[in-house]
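A.B. asks: Pasting in a structure now, in structure tokens, and then I'll have a few things to ask.
Bear in mind that the values in this text are calculations on the coordinates, not laboratory data. Fair warning: this is a prediction, and the values are worked out from it, not measured in the lab. With ideal geometry, Cβ positions are generated from the backbone for all residues, glycine too; neighbour counts draw on all protein chains shown.
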Amino acid sequence: MIPSAELVLERLPTAEGSGREARRLLARTAATVADEVDDVARNVAQIVLEAVDDLRDDPSTRADTECRAREGILAFCDLVTRGGPPETFAVAPGAYGFARILARRGVHVSVLLRTHRLALAVVLDAFEQRLDRSESKATLMDAARLVTDLGFAAHDVLSREVCGEYDREREDWTHGARAIRRETVEAILAEQAVDPDHASRALCYELRRHHVGLVVFGSPAPDASACTPATLKAAADRVAAELGGGRPLLIQPSSREMWGWVGTERPLKPEALDALSRICLADGVRVAMGDCAHGIAGFRRTHREAADTARVATLGVKRAGSITSYHAVELAAFMADDVARTRNFVQNQLGPLARDDEDRARLRVTLMLYLEEHGSRIATARRLGIHPNTVANRVRSCREQLDRDLSHQQVQLQVALSLAATLGSAVLSPGHKQS
């Protein structure tokens, strides 16, 4: 039975004797846990994602779980440092966001509660492991009892708050306009029979136009806490403005990803989409774009292309804040579903040139441009901004490392070079570490 706030207050150690020392011990322990919060948050994510089948374990979900855990752990450390009262426990914003996400997905509220119970167990264990064992037995017992009581009381507050948020969001999502938009988009993507006019009204978005599909997503890094629905939407709005479209249609399948469509009256050429790669977005947000396509069939096609592009951008060398078009990575998108097979192809074709280091990267780029320029050293040098003799030296090194004539299986060689440039370390072998 979870103790009430009043019961916890009654059971708190007094300010005398071992009770006072227990409070001091817990304050020091809370400071240690706060300093090591990233490690504790990773443990929470590991336990939760292994134990809860309803939560998919992918880099985005893991990063999101770690960020929420970090917020909650620091809030609990603050409560422990202050010594209560439990009703002042500040529920972290991420906990409310997680409740809303599960409500939208139709996941039962018991999953929400179990997730927080598992997290509490990990946090209490973290406190227990970090208690100073040199303290007296009485002080250790008082400290263990106090942190446990505070933990369960904070969990009581948390459960009440997030369940209320879950119920409100579930009601809104089930009966609101967002649910209708999501159901309509899902029907279109599933190739169900959809009346374009009726669907356009439901979406508040005209389907009888040209569309550019977007997948907007945040970095999976644990420190990417700035990635919020607001920042994802801001990035989508920025791209829509650059493309000359109106307000984009946006659907959010997860807290760190957003799907979007930008409608235009006229078709956009792939080169116009490629040009957006010069833009650097804020907050570590990345955008993947499909090609421009028309009507409901185009709505589906450009979304699938955007999803393929996002997978390539995640695997490859695209920086945080980048915008990537399908046209720029189309070849890699065809092969990204089977990374192991693609890796074998690249390494078989490139041999020693497939090592992931700066020297080989320079050689691969030079060789790729050299083949594109039909073996012209001068044209290659012009594109790279180097001397033609440097090109000749690099090409000679490539021949030696490949140990074959460059005209042999040239198409396969060019494909392998392009995949290495796009997918980077995902298909390359580890390079030599620099000393």
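A.B. asks: If you add up the charges near residue 65, with Lys and Arg at +1 and Asp and Glu at -1, over every other residue whose beta carbon is less than 12 angstrom from its beta carbon, what do you get?
C.D. replies: In short, 0.
A.B. asks: Out of these labelled values of semi-axes √(5λ) of the Cα gyration tensor in Å, (i) 60, 26, 20; (ii) 50, 32, 16; (iii) 34, 26, 21, which was calculated from the coordinates shown here?
C.D. replies: The value computed from this structure is option (ii).
A.B. asks: Helix-only estimate, please: 222 nm mean residue ellipticity of the chain, summing -39500 (n - 2.57) across DSSP H runs of length 4 or more and dividing by its residues, to the nearest 500. Intermediate results must be reported in sequence, preceding the final value.
C.D. replies: Numbers: 18 runs with 274 residues, N = 435.
Per the formula, -20500 deg cm²/dmol.
A.B. asks: Now for a different question. Excluding residue 200 itself, what net charge comes from residues whose Cβ is under 10 Å from its Cβ, given Lys and Arg +1 and Asp and Glu -1?
C.D. replies: That works out to 0.
A.B. asks: For the pair residue 274 and residue 177, what calculated FRET efficiency results from E = 1/(1 + (r/R0)^6), where r is the Cβ-Cβ distance and R0 = 41 Å, to the nearest 0.05?
C.D. replies: E(calc), rounded to 0.05, equals 0.75.
A.B. asks: Short version: ³J(HN,Hα) in whole Hz for each residue of segment 265-281, in order, from phi by Karplus 6.51 cos²θ - 1.76 cosθ + 1.60 (θ = phi - 60°), x for Gly and Pro, what are they?
C.D. replies: Karplus-based 3J(HN,Hα) across segment 265-281 equals 6, 10, x, 10, 6, x, 4, 5, 6, 4, 5, 5, 5, 6, 7, 10, 7 Hz.
A.B. asks: Relative to the first principal axis of the alpha-carbon coordinates of the chain, what is the inclination of helix 410-423, with its axis defined by its Cα atoms, in degrees from 0 to 90 and to the nearest 10?
C.D. replies: 30
A.B. asks: Along the charge dipole of the chain, pointing to its positive end and built from +1/-1 on Cβ of Lys, Arg, Asp and Glu, which listed residue (27, 409, 419) has its Cα farthest out?
C.D. replies: Working it through, the farthest residue towards the positive pole turns out to be 409.
A.B. asks: Which order do 303, 211, 198 fall in if you start with the one that has the fewest other Cβ atoms within 10 Å?
C.D. replies: Going from sparsest to densest Cβ surroundings: 198, 303, 211.
A.B. asks: I need 334, 299, 98, 345 ordered by Cβ neighbour count within 10 Å, fewest first.
C.D. replies: Numbers: 334 13, 299 27, 98 23, 345 17.
Lowest count first: 334, 345, 98, 299.
A.B. asks: Shifting gears a bit: Helix 326-335 sits at what angle to the longest principal axis of the chain, using alpha carbons and giving 0 to 90 degrees rounded to 10?
C.D. replies: That helix lies at roughly 80 degrees to the long axis.
A.B. asks: Hey, can you grab everything whose amide H is under 5 Å from the amide H of residue 207? Only 5+ residues off in sequence or another chain; H modelled, so Pro and N-termini drop out.
C.D. replies: For residue 207, whose amide H was placed from the backbone, the distant partners under 5 Å are 200.
A.B. asks: Hey, another quick one. Under the 0.36 nm per residue contour assumption, what length would be gained going from the current alpha-carbon distance of residue 132 and residue 148 to full extension?
C.D. replies: Separation in residues times 0.36 nm, less the Cα-Cα distance, equals 4.1 nm.
A.B. asks: Pairing the Cα long axis of helix 59-82 with the longest principal axis of the chain, what angle in degrees results, from 0 to 90 and rounded to the nearest 10?
C.D. replies: The angle comes out near 30 degrees.
A.B. asks: Next question, about the same structure. Test of understanding: ordering 188, 73 by Cβ neighbours within 10 Å, fewest first, what list do you get?
C.D. replies: So the residues, fewest neighbours to most, are 188, 73.
A.B. asks: Using a Gaussian network model of the chain with C-alpha springs under 10 Å, which one of 156, 283, 54 is most mobile by mean-square fluctuation?
C.D. replies: 54
A.B. asks: Local charge sum around residue 52 (other residues, Cβ-Cβ under 12 Å, Lys/Arg +1, Asp/Glu -1)?
C.D. replies: -1
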